2 protein chains.
Amino acid sequence: VRNIKLTISYDGTAYAGWQSQKNARGVQHVIEAALKKITGRAAKLKASGRTDAGVHARRQTANFRTVSGLALARLVTALNSEIPDDILVTRAEEASLGFDSQKCAKSKRYRYTVSTARFTDPFLRHFVARFSYELDINSMRRAASALAGRHDFSAFRASGSKEGRSIRTIKRIKIVKNGSLVYIDISADGFLYNMARTICGTLLEIGRGRLPETRTAEILKTKDRRLAGPTAPAKGLCLMDVVY
Amino acid sequence: VRNIKLTISYDGTAYAGWQSQKNARGVQHVIEAALKKITGRAAKLKASGRTDAGVHARRQTANFRTVSGLALARLVTALNSEIPDDILVTRAEEASLGFDSQKCAKSKRYRYTVSTARFTDPFLRHFVARFSYELDINSMRRAASALAGRHDFSAFRASGSKEGRSIRTIKRIKIVKNGSLVYIDISADGFLYNMARTICGTLLEIGRGRLPETRTAEILKTKDRRLAGPTAPAKGLCLMDVVY
């Protein structure tokens, strides 16, 4: 039996997210169906983490076990010929049998992209969220710096979700302005459900001046979800990289 | 009466081109319908030139006459609120009554983007044409340089189309390689129907080594369409700018 690690890029616009939902298919399902067709057997694809509906990925990783002897290069070609062109398998590698895309991930990086322009560039409409306010980038940077490090991020996860431990380590938050676009890059050892989008929603409210710069530290201290900003729209979020 | 010049950006994927066709609407129709709704009167929008189905524009220009007294900034906002988000009016300006987007254009620049990778980046799939061959860029540049200047480009227009004069001046052709992407930028005082795509199709065949470098000069000399390469796919083409 082999354990194969795939690197996958996708435009999430048309999908229910990584996982299928009741009435909409997920990226996982599309690739699993192709794997079954190619190898003749059902395979279970496990990703570094789920992405929500409308969230994109540049380098998502996922692994599956198979008894197929298909060469890696042929597997990549066969998969890409089978799946629609908004998903691309960029690489396939042999992994040790113990490799698990989620558990073995050391860190993941998400990028959130905001357009502060009045209207959105048609070429970016599926990949940026519009937030038409002047943003104080330095204020956002100071607020972000309070989030770096090991903290209980329970107040930044989707309200209602209570599963599991909520301690995570943010290794870096970087905010870059490029014309009317603002990028928020967050690297962490893991992300709670909706954590990246809630952090971005909070930093944007701070940048706009509707929440104080000190709010991020206050949220970490009080663990009060109600103090955080709204969950930023999915389409601005992209999983950029997973490090092992 | 006012003559208003619009600058327009569009993702052409979903459109029949600038002009509507029998069963599919064009960008022109969408904006004209919005103008009618906003100003209360039908307006005829005249572009710098038509773009084909699937061709994109960063800065197309078009003008229309109106008796409406609506302020330019409000017109832009109203238009963008009315039209779908794959079209964006980026600017509106007062033009002299004699201004004609097509006749007054001094030069237009088209960019053709090719991906030489085996599979196309999902984020670029509507905006690049796949041409998975190793390209000799220097050979393409030499072949392109023969096209610069004032020539009869009749052999580079769509076969069958015979209307009008076919003398045009190419002011510049620039070919740039960036990783697996190749950009072909062509500036000219005007383009015959399909001229940009036929030039690109020919240069790509030369880059791949299936046509000789000397072919471009030969085509100009013989005016024989059969010596040129195929018309490159629409989705790789984008109208970048119109200069007045």
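Across identical copies of the chain, B:Gly179 has label-point separations of 1.8 nm, listed in ascending order, with the point defined 7 angstrom from Cα along Cα→Cβ.
With R₀ fixed at 22 Å, the C-beta to C-beta distance from B:Lys103 to B:Asp152 puts the FRET efficiency at about 0.60. Between copies, the label points of B:Val1, set 7 Å from Cα on the Cα→Cβ line, lie 7.9 nm apart, reported in increasing order to one decimal in nanometres. Taking Cα centroids, how far is the stretch A:83-138 from the stretch B:170-223 in Å? Taking the Cα centre of the stretch B:170-223 as reference, the centre of the stretch A:83-138 is 35 Å away. In this calculation the C-beta distance from B:Arg74 to B:Asn138 is compared with R0 = 60 Å, giving a FRET efficiency of 0.70. Compared with the dominant principal axis of the Cα atoms in chain B, helix B:27-39 is inclined by about 10°. Take A:Arg210, push a point 7 Å out from Cα through the beta-carbon direction, and compare it with the same point in every other copy: 5.5 nm, smallest first. Applying a DSSP loop filter and a limit of 12 other Cβ atoms within 10 Å to the trypsin sites (Lys or Arg not before Pro) in the stretch A:167-244 leaves A:Arg210. Remark: C-alpha extents of the protein assembly as shown on the principal axes read 73, 64, 39 Å, sorted largest to smallest. For chain A, take the alpha-carbon Rg, divide it by the Kirkwood Rh, and send me Rg/Rh. Result: Rg/Rh = 1.00.
Between B:Arg2 and B:Val67, the modelled label-to-label distance comes to 1.5 nm, taking each label 7 Å out from Cα in the direction of the beta carbon. Residues whose amide H comes within less than 5 Å of that of A:Ser107, counting only those at least five positions distant or on another chain, are A:Val243 (H built at 1.01 Å from N in the peptide plane).
Its alpha carbons give the stretch A:135-244 an Rg and a Dmax of 12.9, 40 Å. Placing dummy labels 7 Å off each Cα toward the beta-carbon, the span from B:Arg225 to B:Ser145 is 3.1 nm.
Rule-based calculations on the coordinates, nothing more; no lab input. Quick caveat, the model's predicted, so the values are computed rather than measured. Counting neighbours? That spans all protein chains shown, and the Cβs are built from the backbone with ideal geometry, glycine included.
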